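The values are calculated or read from the model by the stated rules, or taken from the named source; none is laboratory data. All figures in this text were calculated on a predicted structure; none of them were measured in a lab. Because the Cβ atoms are built from the backbone with ideal geometry, glycine has one as well, and the counts that use them run over all protein chains shown.
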Amino acid sequence: MTDSLDTDKLQIGLEAIHDAGVPGVFTEVRDGDQIWCGAAGVADLATGRPVTADMRHRVGSITKSFTAAAVLRQVESGAIDLDAPIGRYLPHLVPGERGRQITVRMLISHTSGLAEYLPYAYTSLAAFPAVAKTTPESFEDNRFTRFDPVKIIALGVDAPATGAPGSTPGVYSNTNYFLLCQLLEKVTGETAEQYITHDVIERAGLRNTELPTGTQIDGPHSLHYESWFGMFEPPRDFSVFDMSFVGPAASLISTVSDLNHFFGLLLAGEIVSPESLAQMQRTGPVVSFEGKLVDYGLGLHRFTLPGRRTCWGHDGSVWGGGAVSMISADGRRRFSLAVNLQRWNRFDANGIPQPHPIDHALHAFIQLAMCG
């Protein structure tokens, strides 16, 4: 059981995240029919414009929950077989034995063994150099670079495999979701952005959520400040950026209210069928970008909070923007939160990112929001 929302404590928790170093943070927390919206800090460091809880924001890999739901919708229609090899649909993108071994399910669950393409994009596409060599100029030079998804997929497919298809733990890889987007295009005749928009976003009634085709965030929004582990000092705004380098794997723009509404509908079996939801909630260990083991299903994280409370959702980050969305297993308690700073940690002498007060403040707020 959770307590009803203690809005004073929630506001203090938001202020603690801001005081720890995040320029701006905003959230919506729900407990049953009770809804609280809060914000702390600024959307623009230069002008002091405050953040507000209704702002639109780039939410990164939370996009994967939408993409996974779109694929499951096509599974329900019979157009996609969840356990069919991807080579049946896209033999030109995953040829040979791997195309026959890697299934659609393995792509959604990050157990395909296909590598993340980004480290290879650093050199092959001259987009984002290795962390140690990053300069503000490298990001600025590629702010408006348009990437070809087929070339991006080839980087991940051609890279050394992270494991055998279906082996665990899986390894988190955006290559998997680029392939899922090509799969959606193959079976629907639309771009992934078009299909996800009308069959997931619009059907759910999310008026402030979109997969952008341009570089701007329309409507009220915060600037997105990227620190890149202290190498951008002061952090630089990257809210204007061509997101084709992640596509419908991580490019979604949304609001905390829309995210709460989406995950509420999803867990109620109203986005996909209850049978498909059960498939999404079949989890296994996956190694995250940070090297941590996460409990991952089909586009969903399972979070276990203090007191063994089980929650579902996803988190995500882009250059300068981060978000997390969770809902309790019974659907009663949920929250979504956005921050306008990313990669605030600093490296130690061995190049390992070190804990930061922001981490502690975020963890404390998550526990307060979800557990009371």
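One line per residue, one yes/no per condition, for (1) loosely packed, with under 14 Cβ neighbours inside 10 Å; (2) within 22 Å of Ser222 (Cβ to Cβ); (3) hydrophobic (A, V, I, L, M, F, W, C):
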site	(1), (2), (3)
Asp330	yes, no, no
Phe335	no, yes, yes
Asn340	no, yes, no
Ala349	yes, no, yes
Pro353	no, no, no
Asp359	no, yes, no
Ile366	no, yes, yes
Ala369	no, yes, yes
Item checked: Hits in the stretch 301-338 (condition: free of Cβ contacts under 8 Å to residues at least 40 places away in the same chain and among the acidic types (Asp, Glu)) -> Asp330
Notebook entry, point to check: Cβ-Cβ below 7 Å, separation at least six or inter-chain, first residue in the stretch 352-365 and on the phi < 0 side of the Ramachandran plot, second part of a helix (DSSP H, G or I) and not small (Gly, Ala, Ser): which pairs?
Noted result: Ile358/Ile17; Ala361/Ile17; Leu362/Ile17; Phe365/Leu14; Phe365/Ile17
Checklist line | Given (1) under 21 Å from Ala53 (Cα atoms); (2) in a helix (DSSP H, G or I), number of the condition His360 does not satisfy | finding: (1)
Check: Looking only at the stretch 200-220, which residues are modelled with pLDDT of 95 or more, of a type in the set (Val, Ile, Thr) and either farther than 25 Å from Gly299 by Cα or not in a helix (DSSP H, G or I) (or both)?
Finding: Thr209, Thr215, Ile217
Next item on the list: Count, please, the residues in the stretch 221-236 that happen to be among the acidic types (Asp, Glu), touching a residue at least 12 places away in the same chain (Cβ under 8 Å) and either in a loop (DSSP other than H, G, I, E, B) or surrounded by fewer than 19 Cβ atoms within 10 Å (Cβ to Cβ) (or both).
Entry: 0
Margin query: I'd like to know if the stretch 144-157 contains one or more residues that are modelled with pLDDT under 90, in a helix (DSSP H, G or I) and closer than 21 Å to Pro248 by Cα.
Written below: no
Check: Within the stretch 1-25, can you find the residues that are under 18 Å from Arg56 (Cα atoms) and in contact with a His (Cβ under 8 Å, 6 or more places away or on another chain)?
Finding: Gly24, Val25
Next item on the list: Out of the residues in the stretch 292-328 that are out of contact with any Asp or Glu (no Cβ under 8 Å at 6 or more places or on another chain), assigned to a strand (DSSP E or B) and among the aliphatic types (A, V, I, L, M), state the one that is surrounded by the fewest Cβ atoms within 10 Å (Cβ to Cβ).
Entry: Leu293
